[in-house]
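The values are calculated or read from the model by the stated rules, or taken from the named source; none is laboratory data. Here the structure is a predicted model, which is why all the values come from computation and not from measurement. Because the Cβ atoms are built from the backbone with ideal geometry, glycine has one as well, and the counts that use them run over all protein chains shown.
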Amino acid sequence: MTLHLKNPLTFFDLETTGTNIVKDRIVEISVVKVMPNGEVITKTNKVNPTVAIPHETSLIHGIYDEDIKDCPTFKNIAKSFAQFLEGSDLAGFNILKFDVPMLVEEFIRAGVDFDVSKRKLVDAQKIFHMMEKRTLSAAYKFYCGKTLDDAHSAEADTKATLEVLKAQVEKYQGQEVVDNLGNKIGVIENDVETLHNLTKSNLVDLAGRVVLNRDGIEVFNFGKHRNTPVTLVFKKDPSYYDWMMKGDFPQNTKQVLTEIKLRAFARG
């Protein structure tokens, strides 16, 4: 089947030195850009992370320090990838929890503006878990009837995710989606905005340090101020903002907190 697209939809996957978005770095990035006319363009790069890859991580994705020592750093290719992703909505497997935050953090470190707030984000894993609740290899087998031979290769995973999402839309189109509490939250449609609304999260910053509560208010999601509105914390405990700005938090989190503080200050 063909996905109905208003904008290009770019599937992407990252292989990294680890899972800490503050300290770890990208070692491979692969994107598969699907154009509204059906054209598919693939762009893949191995990346020198400028830090050592832990051996246990290399055993998972098969990329070792020797393989990437002569590759460009992310800063070298950041502008090229930002241009390639310009105007695209984003899709992938488990991108909301890891790949999007990691990619944004790398762009920030490279000094390249990459705003995801105005893009649709479609996470095939969330659709999969809502409807079948398994893994990418199982999803590929279940939806496409194929075995994912090169699992943890960024390009293989990315192309498999494209096939999975197309099969998901074809299989579930018109079916109602129910959350874990039994609430009806929408219907699967061949439309990126609909899929975005079904798979989006309540995260305000990409690392999940700040989330929206049930009333749509920005609250802290960790520590001593957990579940407390951010603006209230800044009012009663102003040093908390300074502590986070100096702390080991993602740059995206710091940007979000600064925006909230400035917005609150502007309102008086």
Residues of region 1-32 classified as small (Gly, Ala, Ser) and part of a strand (DSSP E or B), total: 1
In region 247-268, the residues that are surrounded by fewer than 11 Cβ atoms within 10 Å (Cβ to Cβ) and among the aliphatic types (A, V, I, L, M): LEU262, ALA266
Which numbered condition ASP215 misses (of (1) among the acidic types (Asp, Glu); (2) touching a residue at least 24 places away in the same chain (Cβ under 8 Å); (3) out of contact with any strand residue (DSSP E or B) (no Cβ under 9 Å at 6 or more places or on another chain)): (2)
Every pair of residues 6+ apart whose Cβ atoms lie under 6 Å, when the first sits in region 252-268 and is touching a residue at least 60 places away in the same chain (Cβ under 8 Å) while the second is among the hydrophobic types (A, V, I, L, M, F, W, C) and in a helix (DSSP H, G or I): ASN252/VAL104
Residues within region 64-93 that are in contact (Cβ under 8 Å) with a residue 12 or more places away in the chain and farther than 30 Å from LEU3 by Cβ, tallied: 9
Total residues in region 62-80, condition in contact with a strand residue (DSSP E or B) (Cβ under 6 Å, 6 or more places away or on another chain) and assigned to a helix (DSSP H, G or I): 3
Complete set of residues in region 102-137 that are in a helix (DSSP H, G or I), of a type in the set (A, V, I, L, M) and modelled with pLDDT of 90 or more: MET102, LEU103, VAL104, ILE108, ALA110, ALA124, ILE127, LEU136
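Residues checked against (1) more than 14 Å from GLN255 (Cα to Cα); (2) in contact with a Leu (Cβ under 7 Å, 6 or more places away or on another chain); (3) surrounded by 14 or more Cβ atoms within 10 Å (Cβ to Cβ):
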| position | (1), (2), (3) |
| --- | --- |
| VAL204 | no, yes, yes |
| GLY208 | no, no, yes |
| ASP215 | yes, no, no |
| PHE222 | yes, no, no |
| HIS225 | yes, no, yes |
| THR228 | yes, no, yes |
| TYR241 | no, yes, yes |
| MET245 | no, no, no |
Residue that is farthest from LYS200 (Cα to Cα) [pool: residues in region 81-101 that are outside any helix (DSSP H, G or I) and not hydrophobic (A, V, I, L, M, F, W, C)]: GLU86
Residue ID - surrounded by the fewest Cβ atoms within 10 Å (Cβ to Cβ), chosen from residues in region 11-30 that are farther than 20 Å from ASN252 by Cβ and touching a residue at least 60 places away in the same chain (Cβ under 8 Å): SER30
All helices (runs of 4 or more DSSP H) inside region 154-268 with 1 or more residues being more than 18 Å from the chain's Cα centre (by Cα): 154-172, 230-236, 239-246, 251-267
Which numbered condition VAL51 fails, given (1) touching a residue at least 24 places away in the same chain (Cβ under 8 Å); (2) farther than 30 Å from CYS144 by Cα; (3) out of contact with any Pro (no Cβ under 9 Å at 6 or more places or on another chain); (4) part of a helix (DSSP H, G or I): (4)
